[in-house]
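Asker: Got a structure for you, written out below as structure tokens; questions coming shortly.
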Amino acid sequence: MNVSPVNTPRGIDRRRLLQLGGALAATTSLAACSGSGSAGTGGAGDKNKGSLTVWSWQGPATALKALVPEFRRKHPGIEVTVEDIGNPAIWDKITTAMAAGGEGLADVLHIGVDYLPGYTEKFPEGLADLGELGAAKYRGAFAPGLWRTVSPTGSRVNALPWEANSAGFWYRADLFEKAGVDAGALATWDDVVEAGKKIKADTGTRLIGIDKPASQADAANFFQMLLQLQGAFYFNADGDITLDSPEAVRAMKIIKRMNDSGLVSDFSGGWNTMVSSLKKSTVAVQPMPTWFGGVIEREVPQQKGKWRVQLPPAVRPGGSRSATVNSTHLAVAGSSPHQAAAWTFVEYVLTRPASQARIYRDQAIAPALMKAYDDAAFHEPSAYFGGQKRGEVFLKALKAPSPSFTYSSDYARALKVVTDAQTRVLLKGADPAGALHDAADRLGKQTGRKVVR
């Protein structure tokens, strides 16, 4: 589900994340030994002078490169080289450099929300405190809930938000119309289940797709979205485990009901299977974040006019239909000798509406910066989506109150036990409450974290 390559599967490779979790744990002692090295000792430097290296991946790297010429015209004393490291290669590269005390680390780092807690918890000096460089003044500039993600304690600022993706309900309008289903009338996911039965009966198309055997580590994307729509997650704000909360059980029961009704297509194989489903029209709904619209346009241009998007139905009657389900951020390395200049670049990219509007036009990356949405780019009708103004759909979600979600350094382990529990429910008919109860206990034993019930 998570963020954000363009031209490759837009999502953090969670199998890679699980491996990174082990790598972080294994390198903790090394980081401690090398703590007296360069990490955190670079100093601020000159805000108008320096030679910077930026690490990102695919589409975002292309967007950053496009901004460099105009940045250089305004800041001629700062040279910027953007490197497309690739995703997931970037995570290993950052980990290795931080474990070496920052040796070889870029000045500016593009980091997904899944990975940020792992870096900050395992390498406390790995990232510069942007609060000391002036970031605090932007506290209210980004989508609700995201400031706590980058500044959990309210003082130190580990990064600035770049991309903010909201939960979306992408659906085949032609199939809904053929079945006589009004998508706008679907208030809850229970309504969606009933609509799914009618769509399948009238068109032969299943409702959604899930990687039932969890062949890929991101198989619980939909479950996680249902959790976040309820303001819940795998951990609470204190880092305690909430994996078998009433919200989690409710989400898993919805999934089981869909599966028991024959509405779930098996997406074993992950991304490639999902893309194939788009081309073969095997599902009517894709419950995916903001960025997924670009994937649909790219993969099935022949389906122009057949797709629409709206905010997802609530999990419970009257519940929220909005959630910022993932994000990416730009951080400055604690080892950088040019922290002030790096901050000048980060500030230029992430706090200027013009920068973010250009990135959206070029790469369809939805910004966390709320002021950016004043630009006409976010209010233009899309011919592909039947004249819908997609930017306005998701702007409504970003304006809504949204909690921050605590990923923690044990997020990868949580994903593993969640996908195992979901597989038991989907393939073996396990009781959702029991499967999640076992998963929570298992995660508690693995991490030493408290299980809250």
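Each value in this text was obtained by applying a stated rule to the coordinates, not by laboratory testing. It should be emphasised that the depicted structure is a prediction, and the values quoted were computed from it without experimental measurement. Don't worry about glycine lacking a Cβ; one is built from the backbone with ideal geometry, like all the others, and counts go over all protein chains shown.
Asker: Going by how many other Cβ atoms sit within 10 Å of their own, how do ARG358, ARG148 line up, fewest first? Could you put the intermediate results ahead of the total?
Answerer: Working: ARG358 19, ARG148 15.
Final ranking by Cβ density, sparse to dense: ARG148, ARG358.
Asker: From the phi of every residue in the stretch 134-145, what ³J(HN,Hα) in whole Hz does the Karplus formula 6.51 cos²θ - 1.76 cosθ + 1.60 yield, where θ is phi - 60° and glycine or proline is x?
Answerer: x, 6, 4, 5, 9, 3, x, 8, 10, 3, x, x
Asker: Set Lys and Arg Cβ to +1 and Asp and Glu Cβ to -1, take the dipole of the chain about its Cα centre, and tell me which of GLN339, THR188, TYR234 lies farthest positive.
Answerer: Selected residue: THR188.
Asker: Sequence neighbours fewer than 8 away in the same chain don't count; with that in mind, list the aspartates and glutamates whose C-alpha is under 17 Å from LYS253.
Answerer: Filter leaves ASP190, ASP191, GLU194, ASP211, ASP244, ASP420, ASP431, ASP438.
Asker: If we sort 215-227, 426-438 on the protection proxy, mean other Cβ atoms within 10 Å, highest first, what's the order? Before the final figure, lay out the partial values.
Answerer: On the way: 215-227: 23.2, 426-438: 17.0.
Packing order, densest peptide first, comes out as 215-227, 426-438.
Asker: From the phi of every residue in the stretch 300-312, what ³J(HN,Hα) in whole Hz does the Karplus formula 6.51 cos²θ - 1.76 cosθ + 1.60 yield, where θ is phi - 60° and glycine or proline is x?
Answerer: 10, x, 5, 9, 3, x, 8, 9, 9, 9, 8, 5, x
Asker: Where does each of GLU297, GLU347, GLU103 land when they are ranked from fewest to most other beta-carbon atoms within 10 angstrom? Please report the intermediate quantities before stating the final value.
Answerer: On the way: GLU297 17, GLU347 20, GLU103 14.
Taking fewest neighbouring Cβ atoms as first place, the list is GLU103, GLU297, GLU347.
Asker: To the nearest 20 debye, what charge dipole does the stretch 155-231 have about its Cα centre, counting +1 at the Cβ of each Lys and Arg and -1 at the Cβ of each Asp and Glu?
Answerer: On the way: 8 positive and 10 negative charges, 37 e Å.
Computed about the Cα centre, the dipole is about 180 debye.
Asker: Right, another one. Between PHE378, HIS329, PRO312, whose Cα lies farthest towards the positive end of the dipole of the stretch 308-387 when Lys and Arg beta carbons carry +1 and Asp and Glu beta carbons carry -1, centred on the Cα centre?
Answerer: Of the candidates, PRO312 comes out farthest on the positive side.
Asker: I've got another one for you. By how many degrees, 0 to 90 and rounded to 10, does the Cα axis of helix 246-260 deviate from the longest principal axis of the chain?
Answerer: 50
Asker: For helix 189-203, report the angle its Cα long axis makes with the longest principal axis of the Cα atoms of the chain; keep it between 0 and 90° and round to the nearest 10°.
Answerer: So the helix axis and the longest Cα principal axis differ by about 60 degrees.
Asker: Okay, next question. Placing +1 at every Lys and Arg Cβ and -1 at every Asp and Glu Cβ, with all other atoms neutral, what dipole size does the stretch 347-415 have around its Cα centre, in debye to the nearest 20? Mind showing how you got there, number by number?
Answerer: Details: 9 positive and 7 negative charges, 20 e Å.
Roughly 100 debye, rounded to the nearest 20.
Asker: Please give the helix 353-363 orientation as an angle from the longest Cα principal axis of the chain, in degrees from 0 to 90, rounded to the nearest 10.
Answerer: Rounded to the nearest ten degrees, it is 60.
Asker: Starting with the fewest neighbours, write out GLU125, GLU79 ranked by other beta-carbon atoms found within 10 Å of each beta-carbon.
Answerer: Values: GLU125 20, GLU79 15.
Fewest-to-most Cβ neighbours within 10 Å comes out as GLU79, GLU125.
Asker: Under the definition of Cα pairs under 8 Å and six or more residues apart, what whole-number percent is the relative contact order of the chain? Mind showing how you got there, number by number?
Answerer: Details: 894 pairs, mean separation 120.8, N = 453.
It comes to 27 percent, rounded to a whole number.
Asker: Can you list residues from other chains, or at least 5 along the same chain, whose modelled amide H is less than 5 Å from the amide H of SER215?
Answerer: When sequence neighbours closer than 5 places are left aside, the close amide H contacts are GLY269.
Asker: Charges only on Cβ, +1 for Lys and Arg, -1 for Asp and Glu: so what's the dipole of the chain about the Cα centre, in debye to the nearest 20? Show your work: numbers first, answer last.
Answerer: Working: 52 positive and 43 negative charges, 165 e Å.
Dipole of the chain, to the nearest 20 debye: 800 debye.
Asker: Shifting gears a bit: Return the sequence-ordered ³J(HN,Hα) values of the stretch 121-129 in whole Hz as given by the Karplus equation 6.51 cos²θ - 1.76 cosθ + 1.60 applied to θ = phi - 60°, using x for Gly and Pro.
Answerer: With coefficients 6.51, -1.76 and 1.60, one gets 6, 7, 10, x, 9, x, 10, 6, 7 Hz.
Asker: Related question: Of ALA220, SER355, ALA128, which is farthest on the positive side of the dipole of the chain, counting Cα position, with +1 on Lys and Arg Cβ, -1 on Asp and Glu Cβ, and the Cα centre as origin?
Answerer: ALA220
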